[in-house]
Amino acid sequence: MITMADFNGLVNIRKNINLLFILLALTNEVVGEITLSDQKEIQLNELLKNLNKPAVKIIKSGYGDTVDCVDIHNQPTLDHPLLKNHTIQMEPSFAPKWEDTLKPTFDWIWQTSGSCPEGTVPIRRISRDDILRANSIESFGKKDVLGADGSVETAGLKPLINPASYGTKGAINVWNVHVEPGEWIQSALTVGNTKGESHSYIEAGWSIHPVVFGDTKTRLYAYWTGDGYHKTGCYNIMCSGFVQVSNRTMLGSFLQPLSSLGGQQYEIEVSVFRDKKQSSWWLRVQGDNVGYWPDSIFRGFTNCSIVNWGGAVLDKRSGRKHNNTQMGSRKNHTRSGLFKRTAYISRAELMDEIGAFFTPTSVEPYYSN
């Protein structure tokens, strides 16, 4: 079994992340409101129409989100030019050889207000404010990996992959920590391939992202890109790409309960794996096959040349100073009582070509400066 000490324990090798808050630069701001040109207003309304499909059922959650139960065949992803005639795969073509070892679990909070019927998928409704928090309409749903004159700070473990793998899984304990406005933090599994023409990545885990979600709640997230985080890809279902099949698990869900220092640890089991027969990458969360990314949205992403298990935070430093956005559980600890006082990813494994998960024999830490 591979476990991970607190991400900030690794980050201790670098310095604590202290970033100064930078206000989002939004043009045409008047007395706290955003005014748009007629062209931008049309563009924004068109985007809202494309993302918020007609709902079979609408659920108002108790924490501010609206959940649309959308007909599975009318979900936004199927508007992608490469997916117009796509046949939805309801299950992977094979059952990966794993054992779900769930620790004390949590409820999907939105389901306390209702559930989506069979034949529909739960999609968090996008609001006008969600889009306007982005740097631009064009950048909505995309990952800010530059951060003004700052950077993305990372820490975690990576296996030395030889030969290539075809997926990964792990149990991520769930925390909520301080995040400055305009920044984000995540704890996730990442698979990718940077060989040849492919610069493709898929991430899945939890994130706190005030710009994307409009709050500082800890939420389930996934992200994909086919060109190294440049033009393609997005969070969750904020663009065409991810085909959802589950009516139980919603990307963007608020996660609760949360792990506590010295107390109960709550884990979310996540897996991303390749289905060669279907030519797709599947996402599995808490034993539920949530959906998949078809090969057609990537270029040459047929196996993993990169797998990471770790944390990251957007460091929008100003004047080369750090502010208070935190990584991991926000505390540094010795090995005594480690797993009740730190952020970790446990039971991290790789999947081989025949669909069996195994523990890699060699791993190494990675961290930014």
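The values are calculated or read from the model by the stated rules, or taken from the named source; none is laboratory data. Predicted, not measured: the structure shown is a model, and the values here were computed from it. Here the Cβ is made from the backbone with ideal geometry for all residues, glycine too, and neighbour counts use every protein chain on show. When the accessible area is computed, the model is the full protein with side chains, heavy atoms only, and any ligands, DNA or RNA have been set aside. Shrake-Rupley method; radii C 1.70, N 1.55, O 1.52, S 1.80 Å.
If you check every pair at least six apart or on different chains, which have Cβ atoms under 7 Å apart with a residue in the stretch 342-369 that is assigned to a strand (DSSP E or B) and open to solvent by less than 30 Å² (accessible area, probe 1.4 Å) first and a residue that is of a type in the set (Phe, Trp, Tyr) and at pLDDT 90 or above second?
345/309; 348/309; 350/357; 350/358; 351/166; 351/273; 351/357
Yes/no per residue for (1) crowded, with 23+ Cβ neighbours inside 10 Å; (2) assigned to a loop (DSSP other than H, G, I, E, B):
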| site | (1), (2) |
| --- | --- |
| 162 | no, yes |
| 172 | yes, no |
| 180 | yes, yes |
| 183 | yes, yes |
| 224 | yes, no |
| 237 | yes, yes |
| 240 | no, yes |
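With respect to the numbered conditions (1) of a type in the set (D, E, K, R); (2) touching a Ser or Thr at 6+ places or on another chain (Cβ under 8 Å); (3) under 30 Å from residue 73 (Cβ atoms), which one is the sole condition not fulfilled by residue 231?
(2)
Restrict the check to the stretch 187-206 and report whether at least one residue is small (Gly, Ala, Ser), open to solvent by 20 Å² or more (accessible area, probe 1.4 Å) and assigned to a loop (DSSP other than H, G, I, E, B).
yes
Please work out if residue 291 is at pLDDT 95 or above, open to solvent by less than 10 Å² (accessible area, probe 1.4 Å) and more than 30 Å from residue 164 (Cβ to Cβ).
Against the criterion (at pLDDT 95 or above, open to solvent by less than 10 Å² (accessible area, probe 1.4 Å) and more than 30 Å from residue 164 (Cβ to Cβ)), residue 291 does not qualify.
Being modelled with pLDDT of 95 or more and either within 30 Å of residue 57 (Cβ to Cβ) or of a type outside the set (Asp, Glu) (or both): is that true of residue 141 here?
Against the criterion (modelled with pLDDT of 95 or more and either within 30 Å of residue 57 (Cβ to Cβ) or of a type outside the set (Asp, Glu) (or both)), residue 141 qualifies.
Please tell me if residue 143 is open to solvent by 40 Å² or more (accessible area, probe 1.4 Å) and in a loop (DSSP other than H, G, I, E, B).
When the stated conditions are applied, residue 143 does not pass them.
Please specify each residue of the stretch 49-64 satisfying the condition of being modelled with pLDDT under 95 and either open to solvent by less than 40 Å² (accessible area, probe 1.4 Å) or part of a helix (DSSP H, G or I) (or both).
61, 63
Restricting attention to the stretch 65-97, which residues are closer than 21 Å to residue 120 by Cβ and either in a helix (DSSP H, G or I) or of a type in the set (Gly, Ala, Ser) (or both)?
72, 73, 74, 76, 77, 78, 79, 83
If we keep just the residues of the stretch 102-120 that are open to solvent by 50 Å² or more (accessible area, probe 1.4 Å) and of a type in the set (Val, Ile, Thr), which is modelled with the lowest pLDDT?
Residue satisfying both the conditions and the ranking: 105.
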